[in-house]
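This report concerns only the one structure given below.
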Amino acid sequence: MASIQVKFRKSSVSGNTGSVYYLIIHNSKAKQLITPYRLFPDEWNNFMNKTTFSVKNSRKNIVASVIFATEIDLRRFSIISEDLTLKREKYTVDDIIDEYKMFVTKYSLSNYMGSLLNQMMQNYRFSTAQNYKTTLNSFCNFMQDRYPLLSPTIDYLTPDTIQGYETWLRLRGITPNTSSFYMRILRAVYNRAVDEQVIFNRNPFKHVYTGIDKTTKRALSLTLISKIKHLDLSYNHSLDMARDMFMMSFYLRGMSFIDMAYLKRTDNQDGYIVYRRRKTGQKLSIKWTDEMQRIIDKYPHNQSDYLLPILASRNCHNYNAYRNIGSRINRNLKIIARLVNLNQTLTLYVARHSWASAAQSKGIPLNVISQGMGHDSESTTRIYLNSLDTSLVDKANSVIIKSL
């Protein structure tokens, strides 16, 4: 097994910071690895004593960063040395350093989550990719605030760090649901790294909140949905289209905007829309109705392969264009909300909540609603999914549409 020590070299220039480095010894051979961490001589003494009481306030976070980073690095060096011992009979100090550098690069949080983001984008999971990016930016901002100059790697997700992040979010007024949302994404990334045997599972999310609190009601009553449906918006094409896409989402059992945008004309066959949810890959079938066809008939100029006039332009087949279109529709829905005297934010996602609420109000069983919306996250719901006749869901949808 290799021996790794943390060392400090004073600067040759008086008053300047010195370098923190690792001395790696294996098989009677030693090599130094310079770190990017810089300290003043008096801070090194504090570092060795694990205290920063005599450090100037402006430097406390810097010293804390070095303490935290070197603790993580020493643990990582130990794991690397153990792995090399198990994998090969002989290895050198250079092998240890190469493994260390590879880990720092490949498994930096930005690079690791970045590779996941690219996979999501390739699979058209644009919204999920954006959520991962937002979470990454938030966590990196926390790290920059608490541990300046450090570039976090996947093993920086320790119990203390995660609890500190939760506190940091709360002090900035972030709601428990949003904080929990970030935690669940980071937990998914962490668990993936554990599954890939990149790190050992230290259960860093055990003591932070990852549940879902009750939120402000988003669902609209059937009366309000009917008002939106019967608005005369012929004077404004943008408002008219926003309303049509909202109603189409509702008719299609609360279909998500991403799934609506990428519906192909070929998905509409024999009186049914058959598609796979981009979020889960689950295959769903929805009976095509006259109300849906009337919306399609309003857009004869749509000559694309897509069923709905969302990505009708040849220049719209990228994520930024898709997001811009979605944002424009939601802005117009806010105007429509005022036209029907609605005192809550109206978005495309409200259509999904509203369909579920309408189905419940009609006495439709929860398991039928879950199947209709393509939910597969609850084990109790999944038990029923395979055995249910899809005609039950279509019948439920017909009851809802006829109520408008």
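The values are calculated or read from the model by the stated rules, or taken from the named source; none is laboratory data. Nothing here was measured: the structure is a model prediction, and the numbers come from that model. Cβ: placed from backbone, ideal geometry, glycine included. Neighbour counts: every protein chain shown. To get the accessible areas, we keep the full protein, side chains included, count just its heavy atoms, and leave off ligands, DNA and RNA. Shrake-Rupley method; radii C 1.70, N 1.55, O 1.52, S 1.80 Å.
Of the residues in the range 298-307, at least one is modelled with pLDDT of 75 or more, buried (at least 20 other Cβ atoms within 10 Å of the Cβ) and closer than 19 Å to residue 278 by Cβ. Residues that are free of Cβ contacts under 8 Å to residues at least 12 places away in the same chain and farther than 18 Å from residue 324 by Cα occur in the range 235-248; there is at least one. Of the residues in the range 206-213, at least one is closer than 26 Å to residue 147 by Cβ and buried (at least 18 other Cβ atoms within 10 Å of the Cβ). If the condition is being without any contact (Cβ under 8 Å) to a residue 40 or more places away in the chain and closer than 20 Å to residue 78 by Cα, then the range 9-36 contributes 21, 23, 28, 32, 34, 35. Here the range 226-283 is the region considered, the condition is being farther than 18 Å from residue 373 by Cα and among the acidic types (Asp, Glu), and the residue that is least open to solvent (accessible area, probe 1.4 Å) is 244.
Listed by position, the helices (runs of 4 or more DSSP H) enclosed by the range 233-340 that each have at least 3 residues that are within 28 Å of the chain's Cα centre (by Cα) and among the aromatic types (Phe, Trp, Tyr) are 237-251.
Matching residues to (1) among the aliphatic types (A, V, I, L, M); (2) within 30 Å of residue 256 (Cα to Cα):
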position: 83; (1), (2): no, no
position: 86; (1), (2): yes, no
position: 101; (1), (2): no, no
position: 127; (1), (2): no, yes
position: 135; (1), (2): no, yes
position: 144; (1), (2): no, no
position: 148; (1), (2): no, no
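In a residue-by-residue description of the range 329-336, the property of being open to solvent by less than 80 Å² (accessible area, probe 1.4 Å) and over 20 Å from residue 252 (Cβ atoms) applies to at least one position. For residue 174, the conditions (1) at pLDDT below 95; (2) open to solvent by less than 40 Å² (accessible area, probe 1.4 Å); (3) within 19 Å of the chain's Cα centre (by Cα) are fulfilled apart from (2). If you go through the range 275-294 and keep only what is free of Cβ contacts under 8 Å to residues at least 60 places away in the same chain and closer than 17 Å to residue 401 by Cβ, you end up with 288, 290, 292, 293, 294. If you go through the range 57-91 and pick out every residue that is open to solvent by 60 Å² or more (accessible area, probe 1.4 Å) and of a type in the set (Val, Ile, Thr), you end up with 1. When the residues of the range 94-130 are filtered to those that are open to solvent by less than 40 Å² (accessible area, probe 1.4 Å), in contact (Cβ under 8 Å) with a residue 40 or more places away in the chain and not hydrophobic (A, V, I, L, M, F, W, C), the one that is nearest to residue 80 (Cα to Cα) is 100.
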